[in-house]
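Have a look at the structure below before the remarks.
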Amino acid sequence: MQNSLPYLDILIFGVIAVFLIFRLKNILGTKTGYDSSGAKKDNNSSNIIPLKTVEKNEKYNLISNDLDKIKEIDPSFNADEFLSGSRTFFKMVLESFTNDNLEKVQNFIKPSVLESFKNAIDDRNKEEETLIIDLKSIDKNEILSHKITKTLIKINVIFESRQIISLMDKNDKLIEGDQEKEIIVKDEWVFERKIKNENPNWSLIETKSL
């Protein structure tokens, strides 16, 4: 995150993604990754990170959270700017993951989550596979909930996006997904910031599929 990104320096984002649509059962287990509404791979060499599935989307629309306590702790906090930063970071993580290069986002992602992403990329490279994700739009980006402890602030953010996702083998043969069909991907990312830390950036600590 650079200062040129809107509020990203306050967002850290540490933000992913990733992605969404295929389940990498050998990565973060129920903590991070994507859930596919389409084809699934039988082996564990996918490139997407498995997520903990939320039973229903009942809480998806429950975004009328009381954020006053966050503003009391951090008067500079602005929900709109936070969400704008999260969208930027979401795109960055998605792009970094598909390009096999997490350098731009690694400082804003929890080590265990980052390691899961790296493992997914390594598995993909060993299989000589190529992941293609074409992000068409982010239709919904909302704060779902937040939690404040004595030392931390956590904010859960919903992302609903339209993507075209495909996984190709070394011969450019389609393994998973669809190169033409646009699908809806729903994820919940959890961001965290230490209250007493002078660094205003947030870190991505978990992802869940919806």
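The values are calculated or read from the model by the stated rules, or taken from the named source; none is laboratory data. Just so we're clear, the structure is a prediction, and the values are computed from it rather than from any experiment. Every residue, glycine as well, gets a Cβ built from its backbone with ideal geometry; the counts of neighbours run over all protein chains shown. Heavy atoms of the whole protein, side chains included, go into the accessibility calculation; ligands, DNA and RNA do not. Shrake-Rupley method; radii C 1.70, N 1.55, O 1.52, S 1.80 Å.
Tell me the trypsin sites (Lys or Arg not before Pro) within region 124-183 that lie in a loop according to DSSP and have at most 14 other beta-carbon atoms within 10 Å. Those that pass, being in a loop and sparsely packed, are Lys150, Lys170, Lys173, Lys181.
The accessible surface of region 92-210, taken with every protein chain in place and a 1.4 Å probe, is 40 percent carbon and sulfur.
In this structure region 68-168 gives 48 Å² per residue of accessible area when probed at 1.4 Å with all protein chains present.
Restricting the GluC sites (Glu not before Pro) of region 80-149 to loop positions (DSSP other than H, G, I, E, B) with no more than 13 neighbouring Cβ atoms within 10 Å leaves Glu103, Glu128. Once you sort the root eigenvalues of the Cα gyration tensor of region 66-210 as a ≥ b ≥ c, which label holds: rounded (a/c under 1.5), prolate (a/b larger than b/c) or oblate (the other case)? Taking the square roots of the gyration eigenvalues as a ≥ b ≥ c, region 66-210 is prolate.
Here the Karplus relation 6.51 cos²θ - 1.76 cosθ + 1.60, evaluated at θ = phi - 60°, turns the backbone of region 109-124 into coupling constants of 10, 4, x, 5, 6, 4, 4, 5, 4, 4, 5, 5, 5, 4, 4, 5 Hz, with x for every Gly and Pro. Rounded to the nearest whole Hz, the Karplus-based 3J(HN,Hα) values (6.51 cos²θ - 1.76 cosθ + 1.60, θ = phi - 60°) of region 68-77 follow the sequence 4, 5, 5, 5, 5, 7, 9, x, 7, 5, with x at glycine and proline.
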